[in-house]
Amino acid sequence: MSAIVEEISLDELAPGEHGTVLSFTDGRMVTNRLASLGFTPGVGVDMTQNYGHGPLIVTVRGTRVALGRGEAAKIFVQKGLK
């Protein structure tokens, strides 16, 4: 039995949910900034805090990172289990 997997933007993950980074929707500058923070395709992320407005906090590569909602909306993840 295969698990159902959903592709969404990072800002749509609820606290406690896990996703795997698939892609970014902006130019090279944003991609480079996100890569320097540890966001690269294939890496797992855990949503730590997402109140639905304002910044959110995710754990990526064992580090907690605060992102603005606009930045998070440019990161697409595959929603699923760890």
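The values are calculated or read from the model by the stated rules, or taken from the named source; none is laboratory data. If you're wondering where the values come from, they're calculated on a predicted model, not measured in any experiment. Because the Cβ atoms are built from the backbone with ideal geometry, glycine has one as well, and the counts that use them run over all protein chains shown. We work out accessible area using only protein heavy atoms, side chains counted, and drop any ligands, DNA or RNA first. Shrake-Rupley method; radii C 1.70, N 1.55, O 1.52, S 1.80 Å.
All but one of (1) modelled with pLDDT of 95 or more; (2) under 11 Å from the mean Cα position of the chain (by Cα); (3) not small (Gly, Ala, Ser) hold for PHE39; state the number of the condition that does not hold.
(1)
Which ones in the stretch 61-73 are more than 15 Å from SER9 (Cβ to Cβ) and open to solvent by less than 40 Å² (accessible area, probe 1.4 Å)?
Answer for the stretch 61-73, where residues must be more than 15 Å from SER9 (Cβ to Cβ) and open to solvent by less than 40 Å² (accessible area, probe 1.4 Å): just VAL65.
Hey, could you check the stretch 1-23 for residues that are over 10 Å from the mean Cα position of the chain (by Cα) and of a type in the set (A, V, I, L, M, F, W, C) and say which is least open to solvent (accessible area, probe 1.4 Å)?
Going through the qualifying residues, I end up with ALA14.
Counting residues that are under 16 Å from LEU22 (Cβ atoms) and in contact (Cβ under 8 Å) with a residue 40 or more places away in the chain, which strands (runs of 3 or more DSSP E) fully inside the stretch 35-82 reach at least 3?
Because the criterion is at least 3 residues that are under 16 Å from LEU22 (Cβ atoms) and in contact (Cβ under 8 Å) with a residue 40 or more places away in the chain, the strands (runs of 3 or more DSSP E) in the stretch 35-82 that meet it are 75-80.
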